[in-house]
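The next block holds one structure in the form of structure tokens; read it before the comments.
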Amino acid sequence: MKKMFVAAAVISVGLFAGSAWAQSGSSEAEQAIRPQMAKMFQAANAHDTDAFMSAMVHSPKLVFAINGEVILGWDALHAQQVKWWNNGKSEAKYVQNGAPAFMSLGPDVEIVTWPLVGSGTAHSGKATISHFVVTYIWQRLPQGWRIVYGHESWKKPPG
């Protein structure tokens, strides 16, 4: 299941209880970002690459790191995402595996860490379930909050 869910940054809130990671209140940034994440999540389960990537800065400066590879630029990431989702024909499904954690780095930068689980069928035909975490750096830009950097790490790499 070579599926990518470019989504937001997630670290267990319990690890940092009492710190900025465990803030109980909802910031203005979080209120602006959460609806975009909900749309991304819906688009991921529909395998709609364009809708999924609409929250990302459409720029050659977009960076995404996954499985030891760094993908530079919106166009390159879009092309790879289309492949991962087999032109929208993927059967992968995603569910949250805990709440996303938000951490403000200032008025215009937010880190979101998001634990997820993906399921589908491997090339071998065997059903797979993979736990992973997506970390996004969101920046407030003139067009609104956009992802400028992402990183995806898998507990067990997809097979």
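The values are calculated or read from the model by the stated rules, or taken from the named source; none is laboratory data. The model shown is predicted, which means the values in this text are computed figures rather than measured ones. Neighbour counts run over all protein chains shown; Cβ positions are idealised from the backbone, glycine included.
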*Run residue 29 past the list (1) more than 15 Å from residue 152 (Cβ to Cβ); (2) surrounded by fewer than 17 Cβ atoms within 10 Å (Cβ to Cβ); (3) touching a strand residue (DSSP E or B) at 6+ places or on another chain (Cβ under 9 Å) and report the number of the one that doesn't hold.*
(2)
*In the stretch 90-104, what residues are within 14 Å of the chain's Cα centre (by Cα) and part of a loop (DSSP other than H, G, I, E, B)?*
97, 98, 99, 100
*Select from the stretch 58-89 the residues that are in a loop (DSSP other than H, G, I, E, B) and crowded, with 18+ Cβ neighbours inside 10 Å and write down the one among them that is modelled with the lowest pLDDT.*
85
_Among (1) under 18 Å from residue 37 (Cβ atoms); (2) touching a helix residue (DSSP H, G or I) at 6+ places or on another chain (Cβ under 6 Å); (3) free of Cβ contacts under 8 Å to residues at least 40 places away in the same chain, the one test that residue 54 misses_ = (2)
*Only one of 127, 122, 99 is more than 13 Å from residue 31 (Cα to Cα) and without any contact (Cβ under 8 Å) to a residue 24 or more places away in the chain; which?*
127
*Just give me the residues in the stretch 47-57 being surrounded by 13 or more Cβ atoms within 10 Å (Cβ to Cβ) and assigned to a helix (DSSP H, G or I), in sequence order.*
49, 51, 52, 53, 54, 55
_The conditions are (1) aliphatic (A, V, I, L, M); (2) touching a residue at least 40 places away in the same chain (Cβ under 8 Å); (3) within 17 Å of residue 148 (Cα to Cα), and residue 44 fails exactly one of them. Which is it?_
(3)
*asked:* Return the pair list, or none, for Cβ contacts closer than 9 Å from residues in the stretch 26-41 that are at positive phi and among the β-branched types (Val, Ile, Thr) to residues that are surrounded by 15 or more Cβ atoms within 10 Å (Cβ to Cβ) and outside any loop (DSSP other than H, G, I, E, B), at least 6 apart or on different chains.
replied: none
*From the set of residues in the stretch 106-130 that are aliphatic (A, V, I, L, M) and under 18 Å from the mean Cα position of the chain (by Cα), which is surrounded by the fewest Cβ atoms within 10 Å (Cβ to Cβ)?*
129
*Please go through the stretch 105-155 and pick out each residue that is farther than 19 Å from residue 70 by Cα and outside any strand (DSSP E or B).*
107, 108, 122, 123, 124, 125, 126, 142, 143
*Among the residues of the stretch 95-122, which ones are at pLDDT 95 or above and among the polar types (S, T, N, Q)?*
104, 113
*Unmet criterion (only one of (1) under 13 Å from the mean Cα position of the chain (by Cα); (2) surrounded by fewer than 21 Cβ atoms within 10 Å (Cβ to Cβ)) for residue 138*: (2)
